[in-house]
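K.L.:
What follows is a single structure, and I will ask about it in a moment.
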Amino acid sequence: QVQPVESGGGLVQAGGSLRLSCTASGGTFDNYTMAWFRRAPGKERDFVAAIRRTGGSTYYADSVKGRATISRDNVKNTVYLQMNSLKPEDTAVYYCAAAPDYRTISYVASYDYWGQGTQVTVSS
């Protein structure tokens, strides 16, 4: 019932930073777990980070721990992904997703609603 829309992707140099945004319209935003996934060329769509309804619980893939921070603003119906110390292997299309009820947070199949994706390219 919610429609996520991503923004903030672009081209950055290795070691740089980027903040992605996802605004979700429709539904009741604070009822949803929100997450970021990414798909690199020739790879599967993999989990990056997730945040529960009130923001009290966050989860990160090992590949981005210490470099990424997920947060949400339930007034603005927006979730953010701040990424620092970017590496060329972070290059991917990044997707925002929403799950209406409790499900396993790192599984693609747990999420019912997906955005179109935003491209992040990290140059060396």
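K.L.:
Yes or no: Ser25 of a type in the set (S, T, N, Q) and closer than 15 Å to Val93 by Cβ? Full working, then the answer.
P.N.:
Details: of a type in the set (S, T, N, Q): yes; closer than 15 Å to Val93 by Cβ: no.
It is false that Ser25 is of a type in the set (S, T, N, Q) and closer than 15 Å to Val93 by Cβ.
K.L.:
Do you know which residues across region 12-27 are under 17 Å from the mean Cα position of the chain (by Cα) and assigned to a strand (DSSP E or B)?
P.N.:
The answer is Leu18, Arg19, Leu20, Ser21, Cys22, Thr23, Ala24, Ser25.
K.L.:
Against the definition (modelled with pLDDT under 95 and out of contact with any helix residue (DSSP H, G or I) (no Cβ under 9 Å at 6 or more places or on another chain)), how does Gly55 come out, yes or no? Before you say what the answer is, go through the steps one by one.
P.N.:
Details: modelled with pLDDT under 95: yes; out of contact with any helix residue (DSSP H, G or I) (no Cβ under 9 Å at 6 or more places or on another chain): yes.
Yes.
K.L.:
Still on this structure: Going by what's in this entry, would Gly42 be described as in a loop (DSSP other than H, G, I, E, B), surrounded by 14 or more Cβ atoms within 10 Å (Cβ to Cβ) and at pLDDT below 95?
P.N.:
Working: in a loop (DSSP other than H, G, I, E, B): yes; surrounded by 14 or more Cβ atoms within 10 Å (Cβ to Cβ): no; at pLDDT below 95: yes.
Answer is no for this residue.
K.L.:
Select from region 45-68 the residues that are among the β-branched types (Val, Ile, Thr) and without any contact (Cβ under 8 Å) to a residue 40 or more places away in the chain and write down the one among them that is surrounded by the fewest Cβ atoms within 10 Å (Cβ to Cβ).
P.N.:
At the first step, the residues of region 45-68 found to be among the β-branched types (Val, Ile, Thr) are 48, 51, 54, 58, 64.
After this cut, where a residue has to be without any contact (Cβ under 8 Å) to a residue 40 or more places away in the chain as well, the list is 51, 54, 58, 64.
Details: Ile51: 23, Thr54: 9, Thr58: 15, Val64: 22.
Here the answer is Thr54.
K.L.:
I'd like to know if region 67-79 contains one or more residues that are among the hydroxyl-bearing types (Ser, Thr, Tyr) and in contact with an Asp or Glu (Cβ under 9 Å, 6 or more places away or on another chain).
P.N.:
The first filter runs over region 67-79 and keeps only residues among the hydroxyl-bearing types (Ser, Thr, Tyr), leaving 69, 71, 78.
With the extra rule that they be in contact with an Asp or Glu (Cβ under 9 Å, 6 or more places away or on another chain), the set shrinks to none.
No, there is no match, as no residue in region 67-79 is among the hydroxyl-bearing types (Ser, Thr, Tyr) and in contact with an Asp or Glu (Cβ under 9 Å, 6 or more places away or on another chain).
K.L.:
Only one of Arg72, Arg103 is within 23 Å of Gln116 (Cβ to Cβ), of a type in the set (Lys, Arg) and in contact with a helix residue (DSSP H, G or I) (Cβ under 7 Å, 6 or more places away or on another chain); which? Show your work before the answer.
P.N.:
Working: Arg72 fails: in contact with a helix residue (DSSP H, G or I) (Cβ under 7 Å, 6 or more places away or on another chain).
Among Arg72, Arg103, only Arg103 is within 23 Å of Gln116 (Cβ to Cβ), of a type in the set (Lys, Arg) and in contact with a helix residue (DSSP H, G or I) (Cβ under 7 Å, 6 or more places away or on another chain).
K.L.:
Any residue that is loosely packed, with under 13 Cβ neighbours inside 10 Å and of a type in the set (A, V, I, L, M) - is there at least one of those in region 29-38?
P.N.:
No, region 29-38 has no match at all.
K.L.:
Would you be able to say whether some residue in region 14-21 is open to solvent by less than 20 Å² (accessible area, probe 1.4 Å), of a type outside the set (Gly, Ala, Ser) and closer than 17 Å to Ser71 by Cα?
P.N.:
Yes, region 14-21 contains a residue that is open to solvent by less than 20 Å² (accessible area, probe 1.4 Å), of a type outside the set (Gly, Ala, Ser) and closer than 17 Å to Ser71 by Cα.
K.L.:
While we're here: Tell me, please, whether a residue that is of a type in the set (Asp, Glu), under 25 Å from Thr54 (Cβ atoms) and at pLDDT 95 or above can be found in region 18-30.
P.N.:
Just the residues of region 18-30 that are of a type in the set (Asp, Glu), to begin with: 30.
Cutting the leftovers down to under 25 Å from Thr54 (Cβ atoms) gives us 30.
Filter once more, so that each one left must be at pLDDT 95 or above: none.
No, region 18-30 has no match at all.
K.L.:
Something else about it: Under the condition of being touching a Phe, Trp or Tyr at 6+ places or on another chain (Cβ under 8 Å) and outside any strand (DSSP E or B), which residue from region 1-11 is surrounded by the fewest Cβ atoms within 10 Å (Cβ to Cβ)?
P.N.:
Step one: of region 1-11, the residues touching a Phe, Trp or Tyr at 6+ places or on another chain (Cβ under 8 Å) are 1-4, 6, 9.
From the residues that got through so far, the ones that are outside any strand (DSSP E or B) too are 1-2, 9.
Details: Gln1: 13, Val2: 18, Gly9: 17.
Applying the filter and picking the extreme gives Gln1.
K.L.:
Hey, among the residues in region 28-61 that are among the aliphatic types (A, V, I, L, M) and under 12 Å from the mean Cα position of the chain (by Cα), which one's farthest from Val5 (Cα to Cα)? Write out each step before concluding.
P.N.:
Let us first name the residues in region 28-61 that are among the aliphatic types (A, V, I, L, M), namely 34-35, 40, 48-51, 61.
After this cut, where a residue has to be under 12 Å from the mean Cα position of the chain (by Cα) as well, the list is 34-35, 48-51, 61.
Details: Met34: 12, Ala35: 13, Val48: 17, Ala49: 17, Ala50: 16, Ile51: 17, Ala61: 22 Å.
The residue in question is Ala61.
The values are calculated or read from the model by the stated rules, or taken from the named source; none is laboratory data. Only a predicted model underlies this, so the values are computations on that prediction, with no experimental measurement involved. Cβ atoms come from the backbone with ideal geometry, glycine included; neighbour counts cover every protein chain shown. The protein model used for the area step is the full one, side chains on, heavy atoms only, and it has no ligands, DNA or RNA in it. Shrake-Rupley method; radii C 1.70, N 1.55, O 1.52, S 1.80 Å.
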